[in-house]
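Below you'll find the structure, written out as structure tokens, and then a few comments.
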Amino acid sequence: MISLAHFSDLHYADDTLAEVDTCFAFAVDQAIAQGAQVAVVTGDSTDHALPAHSPALAALARHIRRLADHCPVLMLQGTFSHEPAGLLRLFALLGGRHPVHVADRLSQVALLHDGRWLASSDWRFDRPPADARLLCSCVPTLNKAALAASVGAGAAAAAMGEQLAQLLAGLAPIHLAARAAGVPAIGLSHGTVRGCVTEHGVPMAGLDHELTTGALFAAQACAFLLGHIHKHQRWQDGERLIAYPGAIGRLHYGEQGDKGFLMWQVAADAAQATLVPTPARRTHELVFDGAPDVAALSDFARAHDLAGAWVRVRWCVAEEAAHAVDRDAIAAALAGAAGIKLEGRVLPVARARAAGIAHATNLRAQLRAWATAAAIDAAPLLACLESLEQLAPDAIAAQLLAQEDDDAALTVAGQDAPWDQTAAVPVPDPALA
Ligand SMILES: [Mn+2]
């Protein structure tokens with residue numbers, strides 16, 4: 001049995017620092033206090049590229065160093081736009097009592113009994129290393145551009161999932177071999193599992209997500225430690241477990257559930273994980289249909305402890321009522337909050353273009369209502385509507401051409417009509433020409 005602290009989606013940046021550093025500092029303290037034997041970060045350690053003099057980079061490095069003084073650390077490459085390729089390599093240079101290994105390519109890495117990380121030179125080892133204490137298969141964010149270059153841009157999204165499923169199936173024999181030898185085998189990845197739920201409660205149901213629970217379980221690892229989705233969630237199959245810890249802090253309003261990290265207990269034949277919540281921001285969201293009711297906001301402020309809480313007030317008003325929104329009064333009512341965000345939406349005045357049209361129950365009645373409102377003779381329009389409903393396009397065109405010919409009196413008796421005559425088309429009587 002080995003105990004792992006699993007953090008993910010730290011999103012360090014100077015403007016997220018207050019939130020994420022409070023949470024990550026707490027999480028690292030807890031992981032050390034609970035005796036984590038390995039620390040894993042499954043991607044998005046940073047929110048974007050950080051310059052070397054950024055306070056956020058220094059703060060992140062300090063906590064990674066604290067972890068490395070306690071136990072071996074494994075950092076996985078996350079989304080490239082959050083964590084530019086190459087950024088993580090800096091952390092391997094931090095020093096500390098234990099090594100920091102950076103997994104930024106498809107590979108396996110074994111934690112040896114002497115505390116060193118041993119990485120495979122290829123995508124996996126030929127057999128589990130003899131003195132391994134833990135075998136980790138690392139599936140970092142892969143470069144879709146490289147795949148698109150070989151299979152074409154249109155096919156890349158689906159191909160990524162197919163390639164990963166093949167890869168995961170290909171890891172099964174070595175995972176089973178390690179587990180048979182009593183060595184826990186785990187997988188680490190950064191990506192979207194089809195059907196997972198985002199921090200805003202939205203199910204990710206598309207077919208272009210790179211991972212499925214079926215493909216992950218098919219790898220036969222005891223545990224799959226995932227990053228990318230900011231909401232904690234898990235899938236169990238017998239003794240085996242797949243889980244996202246979710247993001248370490250709350251970076252947006254409306255994020256559901258606790259933020260935190262996972263403490264895993266993994267053995268060759270069993271895996272468990274416990275979410276340890278971090279002191280993430282408390283957020284409240286108040287939504288008004290119309291101008292915000294200041295008295296209701298005052299009641300809310302009295303009923304809740306707003307100290308340290310972040311409150312967003314949203315409203316939607318018609319253009320002519322927009323002046324009724326008193327932003328100062330709203331701010332005063334919520335004065336105790338750590339942060340207030342006011343988001344008003346003004347609906348432009350929309351005039352009815354044809355009174356009564358919305359009440360008409362069929363197209364014919366709507367057309368009549370519109371003609372009345374617009375003071376236009378409805379009869380020719382209704383005739384056109386009837387043609388559209390009953391005739392094929394070529395027949396309508398033929399009818400129009402016939403009328404033109406009628407008008408110009410060009411039709412000559414005995415001459416073949418130059419149109420495709422169908423039964424539905426009233427054919428001009430040549431005798432009349
Ligand atoms: Mn993320």
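Computed from backbone phi, the HN-Hα couplings of segment 124-129 come to 7, 6, 6, 8, x, x Hz, rounded to whole numbers (Karplus: 6.51 cos²θ - 1.76 cosθ + 1.60, θ = phi - 60°; Gly and Pro given as x). Separation of segment 5-45 and segment 227-290, taken as the distance between their Cα centroids, equals 13 angstrom. Peptides 160-168, 370-378, ordered by how many other C-beta atoms sit within 10 Å of their residues on average, highest first, read 160-168, 370-378.
Listed values for segment 34-44 are Karplus-derived 3J(HN,Hα) couplings in whole Hz (6.51 cos²θ - 1.76 cosθ + 1.60, θ = phi - 60°), namely 8, x, 4, 9, 8, 10, 10, 10, 9, x, 6, and x replaces Gly and Pro.
Packing, taken as the mean count of other beta carbons within 10 Å per residue, orders the peptides 337-343, 186-192, 79-85 from highest to lowest as 186-192, 79-85, 337-343.
Compared with the dominant principal axis of the Cα atoms in the chain, helix 17-33 is inclined by about 40°. In degrees, nearest 10, range 0 to 90: what is the angle between the Cα axis of helix 294-303 and the longest Cα principal axis of the chain? The angle comes out at about 20 degrees. Against the main long axis of the alpha-carbon atoms of the chain, helix 55-70 sits at an angle near 40°. Taking Cα centre as origin and charging only the Cβ of basic (Lys, Arg, +1) and acidic (Asp, Glu, -1) residues, the dipole magnitude of segment 282-347 rounds to 300 debye.
Couplings for segment 273-285, taken from phi via the Karplus curve 6.51 cos²θ - 1.76 cosθ + 1.60 with θ = phi - 60°, read 9, 10, 7, 9, x, 9, x, 6, 3, 8, 10, 10, 10 Hz in order; Gly and Pro are left as x. If you sort the three axes of the alpha carbon gyration tensor as a ≥ b ≥ c, you get a/c of 1.5 or more for segment 118-235 and a/b no higher than b/c, which makes it oblate.
Just checking the listed ones, 232, 113, 48: in the Gaussian network model of the chain with Cα springs under 10 Å, the one fluctuating most is 113. When each of the peptides 395-406, 239-250 is scored by the mean number of other C-beta atoms lying within 10 Å of its residues, the order from highest to lowest reads 239-250, 395-406. For the chain, DSSP calls about 40 percent of its internal beta bridges antiparallel.
When both segment 140-157 and segment 50-129 are represented by their alpha-carbon centers, they are found 25 Å apart. Under a Gaussian network description of the chain, with springs only between Cα atoms under 10 Å, the residue in 384, 136, 23 that fluctuates furthest is 384.
With an a/c value under 1.5 for the gyration tensor axes a ≥ b ≥ c computed over the alpha-carbon atoms, segment 2-277 is described as rounded. Rounded if a/c is under 1.5, else prolate if a/b is larger than b/c, else oblate: which is segment 20-150, with a ≥ b ≥ c the root eigenvalues of its Cα gyration tensor? Since a/c reaches 1.5 but b/c is at least a/b, the shape of segment 20-150 is classed as oblate. Helical runs assigned H by DSSP (4 residues or longer) give the chain a calculated mean residue ellipticity at 222 nm of -9500 deg cm²/dmol, each run adding -39500 (n - 2.57) before division by the residue total. Between amide H atoms placed 1.01 Å from N, distances below 5 Å from residue 45 occur with 10, 11, 78, all of them 5 or more places distant or on a separate chain.
Only the coordinates and a few stated rules stand behind these numbers; no lab work does. Just so we're clear, the structure is a prediction, and the values are computed from it rather than from any experiment. Because the Cβ atoms are built from the backbone with ideal geometry, glycine has one as well, and the counts that use them run over all protein chains shown.
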